[in-house]
Structures are given as structure tokens and as C-alpha cells.
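Colleague: Have a look at the structure that comes next, please.
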Amino acid sequence: MLTNELLRRAAAQAGLDPAAMAIRRLDAPGTDLGVDSRAAFYPASMIKTPLAAAALALVEDGVLEMDRAYEVTQPNMTANDKPSPLVPGYAGPLRELLELMITRSDNVATNMLFDILGREQATEIAQRRLGLSDTAFYRKLSGSLPLIHDPQWNGKQRNTHPPADAARLFELIARGQVPFAAYLRDVLSRQEWNNKLSAGLQAGDHFAHKTGDTDEVTHDGGILRTVEGALYVIVLYTGMESTDAHNARFGTFMTLLRPQL
């Protein structure tokens, strides 16, 4: 049986420290666990899922259109871990920006969406419409140093999206309680970064998820449907540098956890 103590032990055995977690079972009552789930770890690219959800809320409202194209501009350029078509002068539809932001964790697409939505409006949607009380958008993303020049940043606050909010959002997506939930599930299912929790899953498991990485944090979380048919939301944040060795510990954690699911 899953307990908070079991989660702590699994994280300790995997060498994940410090760590914060939130796990919920969605197809049966009884499992709603959290270990430091409001911890203020920098969310890194985990912030991209609520940004996508906010954009899709505006699509539902008729404010944005999935096929409207937006031109890439030099101020939004920053490094990415995978090749991107987003170069100055290229015009990509909102649909492409959303998919690149989630599946490849594209930072240029993310920065464009900061401009398209406006960080204040995105924060308002996340907090009031989606119920993500501790989620806020303050600063555009940088794929490397030096940090991107962001004149709209207040110079103080960083983006926030703790594990508890991430778990709530994944649950809303799983239950079809956000605009275009099926589309979001599909995009999350096509995640190209699968070297963390995914490494500890069993054959036939399906994990629709998002990762986050910087030189100070590494995270993973999403919607897990096991081969046996159980449905979970699992979110794990750590205050550890994202390295191959540290990321491999997520797989160890999931290997320890998976027999209990």
C-alpha cells in the first residue's frame, strides 16, 4: 500500500534529495499523497504545461486560434536541447508552438507564448480558472547563460508551479476538466524526453508527462495508466542538478514504487 513514508523511503533509496512529491489514484478512492508538495522548487519547464492549458482556455473562449501563425522574433531566441524550426522570420501556428513547447520542451515557443498570452493573463487563468493557486508566470525561459533579456520581468520573482499544482493540473487533464483536455493528453503522450520516471515503468504502461531541467533542479510528472488499467497522477520534483546520473535516479525511484501501483 502506498504511503507517504513509502514515498520518502523510495526517494531516499534512489538518492533523490531534496525531493517533493504528489501522487493520486484517479480510478479508485484512497490514494492522495503528498511529501512537501507545496515546496518552492523552481519549476523549470514544468511551467510549460499550465501555460499550454491557459492558451487552450483562450482558444475555447475564441480569443486565440490554433491555426493563426506567429512570427518568431530575435528577442525570444534562446538555446534548446533539440533542434527547433523556430528561427527569426519563421511564422508558426499556435498549434505548432504548443506542441513544440510540450513534446520537445522548446524554450523559444514558450517565450513566444509568454508574449501571445501575457504573463498576467496567463497567471489569472491558471489561478482562478484552473485552481492552481500557487502557479504564476513571471519570467521568460533561458536555455543557457546569459539569461534572455526580458524587459517585462520585475527583476525579482521567478515562475512558480509546485508539485501540488502540477498534480492538480494533470488530474484535470486526465478527467477532461480543462479545455481541449484530449488534445493535451495526446501532446503529453508524445513527450520526447523519457529518461526519468519512464525508465522505471513496466511494459504496457503509458505515461503522458512533462519534465523540467536546469542546473539546480530536475523534475518529472504526468498521467500514468498502468498495464493493469490503474490510473494515477505522479509528480516528482527534486532540488538536484539535471545530469544523466541524477535523472537515472528517477527510474530507480519508479522501479521501487511501481509494484505498489
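Colleague: Please list 149, 209 in order of solvent-accessible area, largest first, computed with a 1.4 Å probe with all protein chains present.
Modeller: Result of the area sort, largest leading: 149, 209.
Colleague: On C-alpha positions alone, give me the angle between the axis of helix 48-60 and the longest principal axis of the chain, in degrees, nearest 10.
Modeller: Compared with the principal axis, the helix lies near 60 degrees.
Colleague: So if I average 1/r over every pair of distinct C-alpha atoms in region 184-261 and take the inverse, what Kirkwood radius in Å does that give?
Modeller: Final number for the Kirkwood radius of region 184-261 is 12.5 Å.
Colleague: While we're here: Please work out, to two decimal places, the log10 of the ratio I(q)/I(0) at q = 0.12, 0.15, 0.23 Å⁻¹ from a Debye calculation in which every Cα of region 1-75 carries one identical scatterer.
Modeller: Calculated log10 I(q)/I(0) at the listed q: -0.60, -0.76, -1.12.
Colleague: Once the other residues with Cβ under 14 Å from the Cβ of residue 154 are scored (Lys, Arg +1; Asp, Glu -1), what is the net sum?
Modeller: Spelling it out: positives minus negatives among the neighbours equals +3.
Colleague: Run through all the Cα pairs of the chain and give the fraction in each 5 Å bin from 0, expressed as whole percent.
Modeller: 1, 6, 14, 19, 20, 17, 12, 7, 3, 1, 0
Colleague: Quote to one decimal, in nm, the extra length available between residue 90 and residue 4 on full extension: 0.36 nm per residue of separation minus the C-alpha distance between them.
Modeller: Working: separation 86, 0.36 × 86 = 30.96 nm, distance 4.79 nm.
Extra length from residue 90 to residue 4 when fully extended: 26.2 nm.
Colleague: May I ask for the net charge around residue 12, where only other residues with Cβ less than 12 Å from the Cβ of residue 12 are counted and Lys, Arg are +1 while Asp, Glu are -1?
Modeller: Residues close to residue 12 contribute a combined charge of +1.
Colleague: Now, a different point. Which trypsin sites (Lys or Arg not before Pro) does region 3-77 hold that lie in a coil by DSSP with at most 15 other beta carbons within 10 Å?
Modeller: Here the sparse-neighbourhood loop sites are 38, 68.
Colleague: Here's a follow-up. Work out the length of the dipole vector of the chain about its Cα centre, built from +1 on the beta-carbon of each Lys and Arg and -1 on the beta-carbon of each Asp and Glu, and round it to the nearest 20 debye.
Modeller: Dipole magnitude for the chain comes out near 400 debye.
Colleague: Oh, and also: Residue 66: net charge of surrounding residues, Cβ under 12 Å, Lys/Arg +1, Asp/Glu -1, itself excluded?
Modeller: Residues close to residue 66 contribute a combined charge of -3.
Colleague: Assigning unit charges at the beta carbon (Lys, Arg +1; Asp, Glu -1) and nothing else, what dipole magnitude in debye, to the nearest 20, does region 38-160 show about its Cα centre?
Modeller: 500
Colleague: Please name whichever of 12, 91, 107 sits farthest to the positive end of the charge dipole of the chain, dipole taken about the Cα centre and charges placed at Cβ: Lys and Arg +1, Asp and Glu -1.
Modeller: 12
Colleague: Expected output is a single nm value to one decimal: the length gained when fully extending between residue 61 and residue 192, i.e. 0.36 nm times separation in residues minus the C-alpha distance. What is it?
Modeller: Details: separation 131, 0.36 × 131 = 47.16 nm, distance 2.97 nm.
Between residue 61 and residue 192, full extension yields 44.2 nm more.
Colleague: Please give the solvent-accessible surface of residue 217 in Å², to the nearest 10, using a probe radius of 1.4 Å with every protein chain present.
Modeller: Surface accessible to solvent at residue 217 totals approximately 10 Å².
Colleague: Rounded to the nearest 500, what is the chain's calculated 222 nm mean residue ellipticity when only DSSP H runs of at least 4 contribute -39500 (n - 2.57) each, over all residues?
Modeller: Working: 8 runs with 82 residues, N = 261.
Roughly -9500 deg cm²/dmol at 222 nm, from the helical runs in the chain.
Colleague: Something else now. In region 1-136, how does Rg compare with the Kirkwood Rh, expressed as the Rg/Rh ratio over alpha carbon atoms?
Modeller: When Rh is taken as the Kirkwood radius, the ratio is 1.06.
Colleague: Which GluC sites (Glu not before Pro) in region 62-143 sit in a loop by DSSP (not H, G, I, E or B) and have at most 12 other Cβ atoms within 10 Å of their own Cβ?
Modeller: Sparse-neighbourhood loop GluC sites (Glu not before Pro): 65.
Colleague: With unit charges on the beta carbons (Lys and Arg positive, Asp and Glu negative) and the dipole taken about the Cα centre of region 39-187, which residue among 121, 42, 152 sits farthest to the positive side?
Modeller: Most positive-ward Cα: 42.
The values are calculated or read from the model by the stated rules, or taken from the named source; none is laboratory data. Predicted, not measured: the structure shown is a model, and the values here were computed from it. Here the Cβ is made from the backbone with ideal geometry for all residues, glycine too, and neighbour counts use every protein chain on show. Keep in mind that these areas ignore ligands, DNA and RNA; they rest on the heavy atoms of the full protein, side chains included. Shrake-Rupley method; radii C 1.70, N 1.55, O 1.52, S 1.80 Å.
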